[in-house]
Amino acid sequence: MSRVMLVLVLGCAARVSAAEPKVQVKDVALGKQRSSVVAVVEGVVPVTITVDAAPEYENCAPSVPLPLQRVVTRPGETVLLELGPADAGQRWRCTYRFKTQLGDSLRAAPEDCRLSLPFRPGGEFKVIQGFDGALTHQGRVRHAIDFAMPERTPVLAAREGTVTWIRDNDRDGTRAGGNTVTLLHADGTFTQYAHLSRGTVVVHDGQSVARGALLALSGSTNDQPVAPHLHFEVFVNPGDDRRTLPFTISLPGGACRVPKEGERF
């Protein structure tokens, strides 16, 4: 049996770093004409694995329909499906291909109320743009919040997680998003903290951080003519298929909801 394997990984460049999913997919024989497809995952999880038929796929009976998407939540071996001939008396080739995506690509929303404000609240940080904000929060980035914030204010992890992406080399107004830190969380969602001051990121990719841990200092490294602020969002599918998700925040006083434009925290 032959197979075709495609692995999608995150890129990296000077002063930019990323944690990559480490996935191997292999065939394990179950008999003369049947095998299981097994994913071997190391390092950061969860990972979404997509298995699809390759062009050479012929007379094959998979145990589940293809394409298959499976979220693997623990390191080690996970059986994805079984393959064998549909008609044992005919020629067959169960070739397949796969790709991996860090996080849970199937998730529609993060776990409720697991997020805290990404700064120390004191009544001075105003929400200047919320969900569906008219300036920039549209389309795939519709679920995001901008908090007005003086430059070099400490930016904190809103939830415990693993650092998966860092950009720390942009100057003011040079790139959409500017300097950023991204964390992956246990439910497969990511949080992003954007427009950070150049050279202030204090974490590294692959690092586990606790809720409230210092990530960087806020800045104004965005390409829009807006006052200094922190852009905060929850998303899945880092890369071309990235999309933000609606979320709630555990606010001071015990409320759990979405901060609204004009509010101060």
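Could you check how many residues of region 190-206 are part of a loop (DSSP other than H, G, I, E, B) and either closer than 15 Å to Thr164 by Cβ or in contact with a Phe, Trp or Tyr (Cβ under 9 Å, 6 or more places away or on another chain) (or both)?
5
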Counted residues, region 134-147 - those being more than 14 Å from Ala194 (Cβ to Cβ) and of a type in the set (Gly, Ala, Ser): 2
Determine, yes or no, whether Gly133 is open to solvent by less than 10 Å² (accessible area, probe 1.4 Å), at pLDDT below 95 and under 15 Å from Glu233 (Cβ atoms). yes
What number of residues in region 233-250 are assigned to a loop (DSSP other than H, G, I, E, B), open to solvent by less than 30 Å² (accessible area, probe 1.4 Å) and among the polar types (S, T, N, Q)? 1
Conditions (1) assigned to a strand (DSSP E or B); (2) open to solvent by 50 Å² or more (accessible area, probe 1.4 Å); (3) under 15 Å from Arg242 (Cβ atoms); number of the one not met by Ile128: (3)
Qualifying residue in region 89-111 (condition: open to solvent by 10 Å² or more (accessible area, probe 1.4 Å), polar (S, T, N, Q), within 21 Å of Val209 (Cα to Cα) and touching a residue at least 60 places away in the same chain (Cβ under 8 Å)): no
Can you tell me how many residues in region 213-231 are closer than 15 Å to Ala158 by Cα and in contact with a Ser or Thr (Cβ under 7 Å, 6 or more places away or on another chain)? 4
Would you please name the residue that is farthest from Glu20 (Cα to Cα), looking only at residues in region 55-65 that are touching a strand residue (DSSP E or B) at 6+ places or on another chain (Cβ under 8 Å), surrounded by fewer than 17 Cβ atoms within 10 Å (Cβ to Cβ) and not β-branched (Val, Ile, Thr)? Asn59
Just a yes or no: is a residue in region 178-195 under 18 Å from the mean Cα position of the chain (by Cα) and open to solvent by 20 Å² or more (accessible area, probe 1.4 Å)? yes
Of the residues that sit in region 207-232 and are outside any loop (DSSP other than H, G, I, E, B) and of a type in the set (Ser, Thr, Tyr), which one is least open to solvent (accessible area, probe 1.4 Å)? Ser218
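The values are calculated or read from the model by the stated rules, or taken from the named source; none is laboratory data. Owing to the predicted nature of the structure, the values given are computational and were not obtained by experimental measurement. Ideal geometry is used to build each Cβ from the backbone, glycine not excepted, and the neighbour counts take in all protein chains shown. Quick note on the areas: whole protein, heavy atoms, side chains included, nothing else; ligands and nucleic acids left out. Shrake-Rupley method; radii C 1.70, N 1.55, O 1.52, S 1.80 Å.
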